[in-house]
Amino acid sequence: MINVRHLTKRYPNHTAVEDVSFAVREQETLVLLGTSGSGKTTTLKMINRLIEPTSGTVEINGIDTQQQAPHELSRSIGYVVQETGLFPHYTVGENIAIVPRLLHWDKDRIRNRTHELLAMLRLPEKQLNAYPDQLSGGQRQRVGLARALAANPPILLMDEPLGALDPITRAEIRQEFRNLDELRRKTVVLVTHDVREALELGDRVGVMDNGRLLQIGTPKELLMQPASAFVQRFFGDQVLAFQLQVFTLQDVMPYILPESPGPEAIDLQPDMSLNDALTLLTKTESGVLRVGDWPIRIRAVDIWSALHQLVPKSP
Ligand SMILES: Nc1ncnc2c1ncn2[C@@H]1O[C@H](COP(=O)(O)OP(=O)(O)OP(=O)(O)O)[C@@H](O)[C@H]1O
Ligand SMILES: [Mg+2]
């Protein structure tokens, strides 16, 4: 759906993005992960032409974006700006209605859509007439998302949408994001410097450094085959926590010898994360799990040894 080819952005003294290529499939979430200054925002803004590339092309549904006026692109591409970018002198309702107004929707349609979005994002109705500085940071980020979703664009670009939040609120909103059907149906490019967020929200993750895209792959691929020491360093000393979060019982199953689980075993789904499975194991008396229909007995030690075989050893 989005096809980025050899995108480059040079400023007189600095190359912000250098020869970046990737494709995003329909309804896929691609996360661009990178340190500050690595070129994430610049890449995102070249997709909706808020920044014009020095060279390279962006196609959306097979059409070069250079053949579409920027204001036309803003209809098909929702954009959640880094630091939310809400207009401070517009109320919440007015901020959300910006694109629908540009599209000349009638009042009723705008009102209905606004109420639908408030309910979906769990924002209180009474905040409709509030100004952005009267909201909490998390509420502002939800309004930023509501504004980007307002005209129901098929594509959504999100720049650090959870940037300014504390870890607990971040985790909560991340969970909500993942459960929103409307979001799941969209093609999303999301920018973050938070590895956990990238692994949790991305169908695929692209790692950026110094204007270049170093590696792109599913969270499992990145954890199993980091292309460089830089990518590996991104996971740092949390790599084990990320592996437990990303890998599921199904992934480790081939490494566990079949053995009768016995009647005391607890039934689990194959898509449960190793983290959740281990947490459960510490709480159960028998210390044994059974997964779906597989006649396999799993103890904590089985999970650890399977994980050990699954992931590469550090060089
Ligand atoms: N208008 C500009 N002129 C010159 N250099 C720029 C300009 N805009 C961005 N840059 C530089 O390009 C690089 C990439 O910037 P960009 O905003 O894309 O980074 P980022 O990955 O989004 O960082 P952050 O995580 O801090 O938001 C930075 O080094 C920045 O200083
Ligand atoms: Mg940025």
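Taken as Cα centroids, the range 183-257 and the range 127-149 sit 30 Å apart, rounded to the nearest whole angstrom.
The H on the amide N of R290, modeled in the peptide plane, is under 5 Å from the matching H of I266, D267, L268, each at least 5 residues off or on a different chain. Considering all C-alpha pairs of the chain, those separated by over 27 Å amount to 51%.
Other residues with beta-carbon under 11 Å from the beta-carbon of K45 carry, at +1 per Lys or Arg and -1 per Asp or Glu, a net charge of +1. Neighbour counting of Cβ atoms within 10 Å sorts the residues H104, H308, fewest neighbours leading, into H104, H308. To the nearest ten degrees, helix 107-120 and the longest principal axis of the Cα atoms of the chain are 20 degrees apart. Relative to the longest principal axis of the Cα atoms of the chain, helix 167-179 runs at roughly 80 degrees.
Per-residue Cβ neighbour counts within 10 Å put S74, S55, S273 in the sequence S55, S273, S74, beginning with the fewest. Selection among L222, P312, M272 by position relative to the dipole of the chain gives L222 as farthest towards the positive end (Cβ unit charges, Cα centre).
Of the GluC sites (Glu not before Pro) found in the range 47-119, the ones in coil according to DSSP and having at most 13 other Cβ atoms within 10 Å of their Cβ are E83. Please tell me which of these pairs span more than 20 angstrom C-alpha to C-alpha: K45/K186; K220/K283; K9/K45? Long pairs (Cα-Cα over 20 Å): K220/K283. Calculated FRET efficiency, T284 to H71, Cβ-Cβ distance, R0 = 51 Å: about 0.30 to the nearest 0.05. Write down the percent of antiparallel bridges among all DSSP beta bridges whose residues are both part of the chain, to the nearest 5. Percentage antiparallel, nearest 5: 50.
Given +1 at the Cβ of Lys and Arg, -1 at the Cβ of Asp and Glu and no other charges, the dipole of the range 2-244 around its Cα centre is 260 debye to the nearest 20.
Here, each number is a calculation from the coordinates, and none is a lab measurement. This one's a predicted model, so the numbers in the text were calculated from it and none came from an experiment. FYI the Cβ positions are ideal-geometry reconstructions off the backbone, even for glycines, and counts take in every protein chain you see.
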